[in-house]
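Only one structure is covered here, and it is reproduced in the block below.
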Amino acid sequence: MRKGFDADGLFRSFRAEVAVAGLKSFVHSRAGEILTHIGQWWAASQIEIEHEHFAAEILRDFLSSEWRILNADANGPAVVCATPSGETHALGLHLVACCLVLAGYKVVFLGPDSPPSAVSAASLEVSAVAACLSMSAFSAREDNEKTVKDLNQNLPRGVELWLGGEGADALPASHTFRTLEDFSGFLSDHLPQLRARQGKATQG
């Protein structure tokens, strides 16, 4: 990846990699590698902070465009995606959204800094099977704990709470994930059970 502000070039580079390896492989391994390299280049003064931010934003925009295209025709169980109040880092959430649509789920994307009341209300409105929150290593532990406590008390009955990211360690939830590979495996294994639950609710 070259130093500069060539957004179109970066998009083409990402798209070419997805065309060869597939979006799932790009999300599970390549995206993390790109972010690691960017961080290393910045730490070694090979790029400036503005280049780091620019590249991360382009990657976020690319991931968003990829999952939104797939999500337009998705009809699987709905999952509300957000970050807790005070958490403004959303790149991980776009990686999560990619995993969800690739596994057959419908993403309802609230985005960063979402209050628990909004997550609960959206989960009720779309009859979600889960609320999925991404918590980066930069997130405030106190905010994460408060958000999780609120959601455990107020999410609609039957809606699971899924947490991911380094900021989610040891927080009480239905399921917690440290890697995207683990998350994708869980999604595939869990989908038949959720579809069956949806079917019973519809019949009821």
Notebook entry, point to check: Which of the following values of Cα extents along the principal axes in Å was calculated from the structure shown: (1) 60, 48, 37; (2) 58, 38, 24; (3) 67, 49, 24?
Noted result: (2)
Next item on the list: Roll a 1.4 angstrom probe over the protein heavy atoms and tell me the percent of accessible area of the stretch 71-167 that is carbon or sulfur.
Entry: 49
Next item on the list: Convert each backbone phi in the stretch 89-102 into a coupling constant with the Karplus relation 6.51 cos²θ - 1.76 cosθ + 1.60 (shift: θ = phi - 60°), then list the ³J(HN,Hα) values in order as whole Hz, x for Gly and Pro.
Entry: 7, 10, 4, x, 5, 5, 5, 4, 4, 4, 4, 5, 5, 5
Next item on the list: Round to a whole angstrom and tell me the spacing of the C-alpha centers of the stretch 114-154 and the stretch 43-99.
Entry: 18
Note to self: Explain nothing, just the number: relative contact order of the chain, from Cα pairs under 8 Å at least 6 residues apart, as a whole percent.
What the structure shows: 18
Check: Cα axis of helix 31-43 to longest principal axis of the chain: angle in degrees, 0 to 90, nearest 10?
Finding: 50
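Please get the size of the charge dipole for the stretch 95-184, origin at its Cα centre, with Cβ charges of +1 on Lys and Arg and -1 on Asp and Glu, quoted in debye to the nearest 20.
Details: 6 positive and 11 negative charges, 46 e Å.
My answer is approximately 220 debye.
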Notebook entry, point to check: Any idea what angle helix 141-154 forms with the longest principal axis of the chain, computed on alpha-carbon atoms, 0 to 90 degrees, nearest 10?
Noted result: 30
Check: Amide H neighbours of Ala78 under 5 Å, counting only residues 5+ apart in sequence or on other chains, H built in-plane at 1.01 Å?
Finding: Lys106, Val129
Next item on the list: Please determine, in degrees from 0 to 90 and to the nearest 10, the orientation of helix 116-125 with respect to the longest principal axis defined by the Cα atoms of the chain, where the helix direction is its Cα long axis.
Entry: 60
Item checked: Surface accessible to a 1.4 Å probe, Glu57 within the full protein complex, Å² -> 80
Note to self: Per residue, how large is the accessible surface of the chain? Use a 1.4 angstrom probe and give square angstrom.
What the structure shows: 51
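The values are calculated or read from the model by the stated rules, or taken from the named source; none is laboratory data. For clarity, every value in this text was computed on a predicted model and none was experimentally measured. Virtual Cβ from ideal backbone geometry, glycine too; neighbours counted across all protein chains shown. To get the accessible areas, we keep the full protein, side chains included, count just its heavy atoms, and leave off ligands, DNA and RNA. Shrake-Rupley method; radii C 1.70, N 1.55, O 1.52, S 1.80 Å.
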